[in-house]
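Undergrad: Can you keep this structure in mind? I'll have questions shortly.
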Amino acid sequence: VYRLELQVPHLSPDADGYTICHVSDLHAGPLVGAPELRRLASLLKSLNCRAAVLNGDVAEGSVETRAPEMEELRTLATSFPDGAYYVPGNHEFYNYD
């Protein structure tokens, strides 16, 4: 976990302490399975993230063969009060036929 605190001039006091978590290159699949994703969800919950950005390469291999991992990712993505936002990476465009 790397923490970065930003000072934003004229930001509303209501936003003080607002936490956005950024997660990149999960590569959910054979090496990062459902148990690891549950541990990640627990870690992010402990950080009190209000929102999350999932940045590319979320799955490794065909999504159709990763049902347990995709279910954990769905649960993770819906756990943030202000939402989760996703930016696809190059692995989302590979053809795994």
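The values are calculated or read from the model by the stated rules, or taken from the named source; none is laboratory data. Not measured: the values here are computed from a predicted model. Neighbour counts run over all protein chains shown; Cβ positions are idealised from the backbone, glycine included.
Undergrad: If I ask for residues that are in contact with a Gly (Cβ under 8 Å, 6 or more places away or on another chain), modelled with pLDDT of 90 or more and at positive phi, which ones from region 1-29 would you list?
TA: Asp25
Undergrad: Consider Ala41 carefully, then state whether it is of a type outside the set (Asp, Glu), closer than 24 Å to Arg3 by Cβ and touching a helix residue (DSSP H, G or I) at 6+ places or on another chain (Cβ under 6 Å).
TA: So Ala41 fits the description; yes.
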